[in-house]
Each structure stands twice: as C-alpha cells, then as structure tokens.
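Trainee: My structure is below; once you've seen it, I'll send some questions.
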Amino acid sequence: MKATPGSRLFNGVNALIMTVVVLFTLYPFVYLVAQSFSSEAAVYAGKVTFYPVDFTTLTYNVILSKPDFFRYYGNTIMYAVIGTLIAVSATAVMAYPLSKEKLRLNKFFIPFVLFTMYFGGGLIPNYILVAKTLDMRNTIWALVIPGAISAFNVILMKTFFASLPNELEESAKVDGLDVYGIFLRITLPLSKPILATMLLFVVVGIWNSWFDASLYLQSKEKWPVALYLRQVIETAISPAELGASAEQTTQIAATVKSAAMVLTSLPMICIYPFVQKYFVQGMMIGAVKG
C-alpha cells in the first residue's frame, strides 16, 4: 500500500512514543549497572546517571570471590530446572483434558481451577501443610511442588490447546494413536509457543523467589542465590563476612544493592532473547482465541 501523509505521521508518532517507553523501561537497569561499577564517593554524591563514574569492579570481585556465591547460584539453577520441568509438565497434563469440551466432568472441574485464582489458604495453613503435614521442610520439594500449578498458567495453556484444529487429532486416531500418543506426538510438538511462555513464567518466578526459601530452608547451604543476595542487601551478611577489608567496606556498602540486582537479573536477561519469539506468539494466541 502507498504511504499517505497520515500514515507517515502515525508511524512517526508511534515510533517516538515507543522510543520514550523503551528509554523509561531501560533506564532503571542502566542506572543500576552504572552504579554497581562506580566508586562510593560518586554514588553518595549523586553523580551516577547513565554511565559509571570512577569505574571500579571491587564489589563484584568481593562477591564473586566467595565460593559460597557459586554454590548458591548452583542451587538456584537446580531449583529452576527441576521446578520448571515439574511445573510445565503438570500444567500441560492438567490443561489438556480441560481443553476438551466433550470430556465428561470438564465443566465441573474448571470452576475449581478458577476458584484458586481468587482464594488461598493463607500463609500459616500453607506453612503447616508443607512443613508439618507433608514434611518437606529443608528440601527442594518445598520450593518446587506447592506452587507447581498456577491457575493462570492452566487457563492460558488450556486456551492454546483448544485453538488447535480438531482435525489433527481425528487424523491421528485414524493412524492408530491413542490419547497419550496424540498428546505427546501431536499436541506438545505444536505447542512450542505456549510451552516457551510457561517456561519463561516459571523460570523467572523460581529464580527471583526468596520468600519460600526463607520459610522452609533451614540449612544455609541450600539457599538460592536470591535469598543470599537479599541477606547481603539487608546487611544480615556484612561486607566483613564477604571478606572485605576495612578500606573496602564503605565501597561495598554503597554499591552492593545494585550489584546484587544485576547479578540476580542477568541470567534471565540472557535467556529471554532465545524465547521471545515463542513468548509473544503464545501470549497472543492465548489472549485472542478462547
């Protein structure tokens, strides 16, 4: 189509607005990165804006020099991998039958799923259930099982499954596949967008989670990195405990918060570009069709 003056004006205004939105979105993270590499004098003087002032890597050197830090990072990676496999698998298994309108009792179970979006048992009953009744305190299962299935994720995946053509399943039945074969060999391979969306949701949630770990993990060796860095930020772990000298303590105190946030968010920023294509497609299909 031939561009008109009105369409050019619209595209220009749209590009300008999106540029402003992107700048406002990126600036907080750029500021954190700049602050984490700046000297304590520049931070306290308010000189840091878009780039580091008096560049230094002291805070990162001290944090990364501790063997404990990499153990906590390893714990987080383990929790994220195991938790994601459990959550995505359980969500898919639950959402698939709910997407079949002809399935018996389908409409009976859906209200129960929706009910959990608005009502919960509360912190104390959940703690008693996980720590006392199920006896999962101080284990990885306390972090990955209670929140494995989210009602929002189930509804989103159910909507995606329902959007797939029924003719595919009918042809698969003619070829001799049973319901399990259809699910594993037809439905799941076609569901990469929604699976990538769920994967991103779950990984980010587990990676940034520290509250459940603070409740259920009594052993410090099992901490995730988010809880460790939170303890550093809240000064429960002092710069001296990190191995800092008296001269380094002031510098670390000034930049440890920004450095901790950068270290926590960096892996997710690296993962997102690889799943962005599927993430956008899965969110659009789940939102438009249904």
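Trainee: Consider only pairs whose beta carbons are under 7 Å apart and that are at least six residues apart or on different chains; among these, list those whose first residue lies in the range 19-44 and is hydroxyl-bearing (Ser, Thr, Tyr) and whose second residue is in a helix (DSSP H, G or I).
Mentor: 36/59; 36/255; 36/258; 36/259; 36/262; 38/255; 39/251; 44/254
Trainee: Of all residues in the range 170-199, count the ones that are farther than 18 Å from residue 95 by Cβ and surrounded by 15 or more Cβ atoms within 10 Å (Cβ to Cβ).
Mentor: Number satisfying all stated conditions: 2.
Trainee: Now for a different question. With the checklist (1) modelled with pLDDT of 85 or more; (2) not in a helix (DSSP H, G or I) in hand, flag the one item residue 51 doesn't pass.
Mentor: Every listed condition holds for residue 51 apart from (1).
Trainee: If you don't mind, there's one more thing I want to ask. Considering only residues that are under 14 Å from residue 259 (Cα atoms) and of a type in the set (S, T, N, Q), which ones fall in the range 1-53?
Mentor: Once the filter is applied, which keeps residues that are under 14 Å from residue 259 (Cα atoms) and of a type in the set (S, T, N, Q), the range 1-53 yields 35, 36, 38, 39.
Trainee: Would you check which residues across the range 148-177 are more than 30 Å from residue 130 (Cβ to Cβ) and part of a loop (DSSP other than H, G, I, E, B) and list them?
Mentor: Once the filter is applied, which keeps residues that are more than 30 Å from residue 130 (Cβ to Cβ) and part of a loop (DSSP other than H, G, I, E, B), the range 148-177 yields 164, 165, 175, 176, 177.
Trainee: Same structure again: Of everything in the range 130-145, what is small (Gly, Ala, Ser) and under 22 Å from the mean Cα position of the chain (by Cα)? Give them in sequence order.
Mentor: 142 - this is the single residue of the range 130-145 that is small (Gly, Ala, Ser) and under 22 Å from the mean Cα position of the chain (by Cα).
Trainee: Does the range 66-78 include one or more residues that are exposed (fewer than 14 other Cβ atoms within 10 Å of the Cβ) and among the aromatic types (Phe, Trp, Tyr)?
Mentor: yes
Trainee: If you don't mind, there's one more thing I want to ask. Give me the pairs, please: first residue somewhere in the range 185-213 and basic (Lys, Arg), second residue anywhere and part of a helix (DSSP H, G or I), beta-carbon distance under 8 Å, and either six or more positions apart or on two chains.
Mentor: 185/172; 192/278
Trainee: Mind telling me which of the residues 118, 127 ends up being within 23 Å of the chain's Cα centre (by Cα), under 18 Å from residue 215 (Cα atoms) and either in contact (Cβ under 8 Å) with a residue 40 or more places away in the chain or assigned by TED's automatic domain parsing to the domain that holds residue 223 (or both)?
Mentor: 127
Trainee: Return the residues of the range 54-72 that are under 17 Å from residue 257 (Cβ atoms) and over 29 Å from the mean Cα position of the chain (by Cα); say none if nothing qualifies.
Mentor: 56
Trainee: Given the conditions (1) surrounded by 15 or more Cβ atoms within 10 Å (Cβ to Cβ); (2) touching a Phe, Trp or Tyr at 6+ places or on another chain (Cβ under 9 Å); (3) at pLDDT 80 or above, report the number of the one that residue 30 does not fulfil.
Mentor: (1)
The values are calculated or read from the model by the stated rules, or taken from the named source; none is laboratory data. Remember, predicted model here, so these are calculated numbers, not experimental data. Methodologically, a virtual Cβ is constructed for each residue, glycine included, from the backbone with ideal geometry; neighbour enumeration extends over all protein chains shown.
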